[in-house]
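In what follows, a single structure is set out as structure tokens and then discussed.
The values are calculated or read from the model by the stated rules, or taken from the named source; none is laboratory data. Values in this document were obtained by computation on a predicted structure and should not be read as measured data. Neighbour counts are summed over all protein chains in view; Cβ atoms, including those assigned to glycine, are modelled from backbone coordinates with ideal geometry. When the accessible area is computed, the model is the full protein with side chains, heavy atoms only, and any ligands, DNA or RNA have been set aside. Shrake-Rupley method; radii C 1.70, N 1.55, O 1.52, S 1.80 Å.
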Amino acid sequence: MKLSNIVTALGFTFALSAQAASLPVIDAVLTSPPMVPPPIQRDHAAKVVVKMETVEKVMEIADGVEYMFWTFGGSVPGQFLRVREGDEVEFHLSNHPSSKMPHNIDLHAVTGPGGGAAASFTAPGHTSVFNFKALNPGLYVYHCATAPVGMHIANGMYGLILVEPKESLPPVDKEYYVMQGDFYTKGAYGEQGFQSFDMDKAIKEQPDYVVFNGAVGALNGDKALTANVGETVRLYVGNGGPNLVSSFHVIGEIFDRVSVEGGNLQNENVQTTLVPAGGAAVAEFKLDVPGNFILVDHSIFRAFNKGALGMMAVDGPEDKIVYSGKVAENVYLPEGSAVQSMPNGHPKLVANSKDDQLLFGKRVYEANCQACHQAEGQGIPGAFPPLAGSDFLNADTNRAIDVVLHGLKGPIKVNGQAFDSIMPAMRLTDEDTANVLTYVLNSWDNKGGTVTPDEVAKRRDEGKTIIMEGSAH
Amino acid sequence: MSPVLLSVLAALQMAALPIAAGPTTAPQMAELPGGEVRPLYLTKDSPLTPVAPFRLDMTPVTNRQFADFVRQHPRWQRSQAVALFVEPQYLSHWQEGWPSPEQAEQPVTYVSWYAASAYCQARGKQLPTVAQWEFAAQASEQAANGSTEPGYTRRILSWYARPSTATLSTVGQSPANYWKIKDLHGLVWEWTQDFNSGLVTGESRGDSTLDKGLFCGSAAAGSADPSDYAAFMRFGFRSSLKAPYTLGNLGFRCAQEMADENTDTADTAGRL
Amino acid sequence: MRTLILLTLLAAFNLQAALPGDSVYLLDSHWQNRHDKQINIQQLAGKKRIVAMIYTDCITACPVIVSEIKSIQAALSPEQQQRLGFVLVSLTPAKDTPKIMRYFAQKRDLDEHWTLLSGNDEKVRTLAMALNIRYMGLADGEIAHSNAITVLDEQGRVQLQQTGLPGGPAALIEQLGL
């Protein structure tokens with residue numbers, strides 16, 4: 001065989017095998033939250049080179065509250081990674097020289113020990129490189145796994161990596177990156193100044209801050225997410241934890257589709273979806289009306305007292321059929337015009353006969369009179385006059401009504417005994433007064449007869465407190 | 001050239017004799033008695049590591065002291081030191097090749113384990129072992145073992161959480177601990193002689209027991225104390241290091257054995 | 001005679017000057033081998049070396065390491081054997097005296113291609129640093145240590161390091177490019 005033939009043959013084989021063995025090399029596009037890298041257009045696998053840096057930096061977690069965050073790429077959450085199922089990733093993890101701590105990374109998309117943690121353990125000022133293949137599609141969390149892991153995560157070292165399926169995701173108009181986290185500070189929520197991490201609170205799972213994207217208000221005001229009426233929005237929602245599970249809800253919207261836990265299972269028409277700690281979910285919805293739609297963790301005290309609140313501002317034409325806003329405002333009056341009050345707190349019972357009066361009257365007597373005048377109307381000598389067979393009572397019914405309604409003070413003589421005290425005016429309704437007097441008049445050898453509510457009403461207007469002659473009070 | 005002269009030159013080159021030493025400068029030392037310290041990994045036979053009496057520098061080695069050493073041993077100059085022994089950042093904070101007046105009393109950083117070891121050996125000392133360092137460091141101001149005092153761990157952790165500021169403070173600013181040693185916490189990380197004895201793989205979830213595939217050793221080794229996570233962070237930091245590394249927040253101090261035949265001491269491999 | 005001394009010195013001089021900056025042999029440390037001879041680690045230069053740190057008392061992984069290296073030796077052609085040597089460094093130099101090392105070599109049938117080295121704790125620690133081998137003494141007398149074997153090239157640079165022989169001795173020999 002001629003030498004040139006051999007060389008050509010060898011060269012050809014070499015070229016073929018080189019092509020079969022090597023994938024095109026692409027530099028990964030990384031974005032800071034809430035932005036997401038553009039959808040992957042290619043239809044083949046590639047070798048994706050990812051260069052990520054861990055940085056420890058002080059940032060505001062709330063107005064006037066500073067915290068030492070440990071971050072991937074300088075933001076909490078860290079940068080968003082987007083690769084395709086089957087890609088081979090060459091991961092460069094650099095730990096900034098100003099870091100105090102070593103750091104590493106565990107990507108939940110990695111199949112392999114530690115998710116890459118042991119292979120990427122890096123001292124400050126150094127870089128580690130390791131490779132992995134993205135075998136499974138889905139939305140995955142990544143986080144630092146250096147001991148103590150809880151502390152590294154609690155300080156903000158987490159983010160999301162999206163492995164697009166081979167058949168790629170259906171296109172949408174807007175994609176956003178939202179990640180919830182709980183934070184534990186020595187001071188209380190809102191306490192000003194530099195706050196350091198509180199391990200005790202973290203162990204007790206009692207956060208001071210629960211926020212989207214690393215700070216109170218990170219998705220509010222001029223940092224709110226934006227969209228337009230008629231657009232479909234896809235939210236890549238992660239939860240770094242370290243502890244809390246999120247009940248993710250967008251006030252005023254319903255998720256048309258949710259990728260449950262970031263996997264293949266699709267749910268539809270979901271109001272609130274669970275995002276596990278160290279997990280993710282994808283929520284898609286189409287905007288039909290304009291307005292501000294609030295993102296919350298529906299464990300609602302977290303939203304209003306700890307900061308788990310963000311906003312999507314939607315512009316566009318209104319649709320009054322879908323949502324009209326307030327169309328009318330009226331006065332509301334239930335039946336009747338007067339305010340009805342409930343004396344003694346129980347419903348009024350109306351006596352329809354003397355027997356009823358005696359029955360109701362006995363109850364009123366027991367509740368209001370018996371304490372002083374005693375169960376058989378015998379009173380207490382020297383203190384409370386008797387009602388049983390009372391000459392004073394039987395002499396003048398109108399006076400008896402006045403005593404109950406308006407009270408009496410001063411010296412009196414009842415059945416030959418002298419009493420000089422005060423009988424207070426009783427706060428009883430006309431009905432109750434009539435009933436109790438009827439009861440007393442028909443008990444214990446009193447003269448009998450009845451007292452009607454109308455008579456009581458008349459005495460209420462015309463009578464007054466009786467002050468006996470010689471009253472010292 | 002005369003063959004004799006050539007051979008003398010060759011011999012000199014190989015022996016790397018030090019140039020005449022100037023006045024030696026080194027931190028003052030304090031004496032520590034023997035005792036025990038809890039290692040990161042317990043074994044069922046011996047829960048605590050014994051530490052023989054030793055001396056320890058009261059403060060970390062400063063830029064000025066290290067500069068004196070480099071002057072006496074030019075092979076440790078930035079331009080001379082070889083890649084095996086130092087990373088490219090070695091002494092990169094010495095702008096003119098020597099420390100500035102402001103840096104003089106700051107702890108020296110950007111030095112590798114080899115450079116630190118060489119300094120200590122030139123002073124007749126060695127780097128402290130992890131056991132010696134941890135023994136000295138577990139003291140608070142009031143007690144030999146202050147690790148149970150309230151606020152002890154919190155104070156240390158607040159340093160770990162504080163940003164690495166641009167300027168280091170000078171040595172000796174923190175209050176002395178029970179052994180009169182200063183700056184063990186809160187200034188710089190420090191090299192130890194056997195930092196590579198921490199068999200931590202970096203995969204902290206698996207680090208509670210030895211990875212049998214990677215390490216040969218008895219099954220008893222390997223339960224770290226999860227409650228002292230300040231110590232865990234220190235051991236974790238040490239495990240991320242390799243001997244040639246130079247870091248801006250990593251310095252060192254030296255220790256000295258106190259010869260005493262009556263005391264059982266653990267050798268540098270940690271065995272009695 | 002003078003010329004011989006001169007040539008030897010010049011050779012050594014050249015060797016040191018020739019060692020690259022990341023050569024492990026720059027440690028320039030002295031060790032005792034099984035023949036009671038003191039050698040400088042630089043004398044290992046000139047051929048590739050498979051280096052392992054073990055100790056003769058070890059009954060768990062160290063015998064496996066030695067067997068793995070022996071299986072590599074068995075798979076070498078005579079030409080390849082000329083270019084590759086084996087080095088075992090003791091982690092317990094106080095115990096592993098030259099006499100003990102001789103006994104060990106005899107028991108495990110280690111021929112002259114095997115260099116067994118005993119130094120002192122400080123040299124062992126420094127060499128382990130250079131080879132990135134971790135080890136820790138345990139109170140029961142055992143030493144927990146990394147099981148990796150390291151290959152140094154002819155000039156003492158770390159060519160590769162791995163634990164075990166996935167793919168068998170042939171794969172490693174091919175990787176070494178002997």
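A few points about this structure:
- In segment B:136-163, the residues that are more than 27 Å from B:Thr49 (Cα to Cα), open to solvent by 40 Å² or more (accessible area, probe 1.4 Å) and of a type outside the set (Lys, Arg): B:Ser158, B:Pro163
- Checked against the criterion of being open to solvent by 30 Å² or more (accessible area, probe 1.4 Å) and among the small types (Gly, Ala, Ser), segment B:70-85 contains one or more residues that satisfy it.
Okay, residues lined up against (1) at pLDDT below 95; (2) touching a helix residue (DSSP H, G or I) at 6+ places or on another chain (Cβ under 9 Å); (3) open to solvent by less than 40 Å² (accessible area, probe 1.4 Å); (4) among the small types (Gly, Ala, Ser):
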position	(1), (2), (3), (4)
C:Met1	yes, no, no, no
C:Ile5	yes, yes, no, no
C:Phe13	yes, yes, no, no
C:Ala18	yes, no, no, yes
C:Asp28	yes, yes, no, no
C:Gln38	no, no, no, no
C:Met53	yes, yes, yes, no
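- Index of the failed condition, A:His143 passing every other in (1) on the phi > 0 side of the Ramachandran plot; (2) surrounded by 18 or more Cβ atoms within 10 Å (Cβ to Cβ); (3) not acidic (Asp, Glu): (1)
- Evaluation of A:Phe197 against the conditions (1) closer than 28 Å to A:Ala283 by Cα; (2) of a type in the set (Phe, Trp, Tyr); (3) modelled with pLDDT under 95 shows that the sole unmet condition is (1).
- Checked across segment A:205-225, the condition of being in a strand (DSSP E or B) and either over 24 Å from A:Glu56 (Cβ atoms) or without any contact (Cβ under 8 Å) to a residue 60 or more places away in the chain (or both) holds for at least one residue.
- Residue that is nearest to A:Val163 (Cα to Cα) [pool: residues in segment A:229-259 that are over 22 Å from the mean Cα position of the chain (by Cα) and open to solvent by 10 Å² or more (accessible area, probe 1.4 Å)]: A:Ser259
- Condition check for B:Pro60: open to solvent by less than 10 Å² (accessible area, probe 1.4 Å) and either in a loop (DSSP other than H, G, I, E, B) or modelled with pLDDT of 95 or more (or both): yes
For (1) at the interface with another protein chain (Cβ under 7 Å from one of its Cβ atoms); (2) surrounded by 17 or more Cβ atoms within 10 Å (Cβ to Cβ); (3) within 24 Å of the chain's Cα centre (by Cα); (4) at pLDDT 85 or above, each residue gets a yes or a no:
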{"residue": "B:Ser204", "(1), (2), (3), (4)": "yes, yes, yes, no"}
{"residue": "B:Gly217", "(1), (2), (3), (4)": "yes, yes, no, no"}
{"residue": "B:Ala220", "(1), (2), (3), (4)": "no, yes, no, no"}
{"residue": "B:Arg238", "(1), (2), (3), (4)": "no, yes, yes, yes"}
{"residue": "B:Arg253", "(1), (2), (3), (4)": "no, yes, yes, yes"}
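- Those helices (runs of 4 or more DSSP H) lying entirely in segment C:78-178 with at least 2 residues more than 12 Å from chain B (Cβ to nearest Cβ): C:78-82, C:98-108, C:168-176
- Residues of segment B:52-75 that are within 16 Å of the chain's Cα centre (by Cα) and touching a residue at least 60 places away in the same chain (Cβ under 8 Å): B:Phe54, B:Arg55, B:Leu56, B:Asp57, B:Met58, B:Thr59, B:Pro60, B:Val61, B:Thr62.
- Sole exception among (1) modelled with pLDDT of 85 or more; (2) open to solvent by 50 Å² or more (accessible area, probe 1.4 Å) for B:Trp133, by number: (2)
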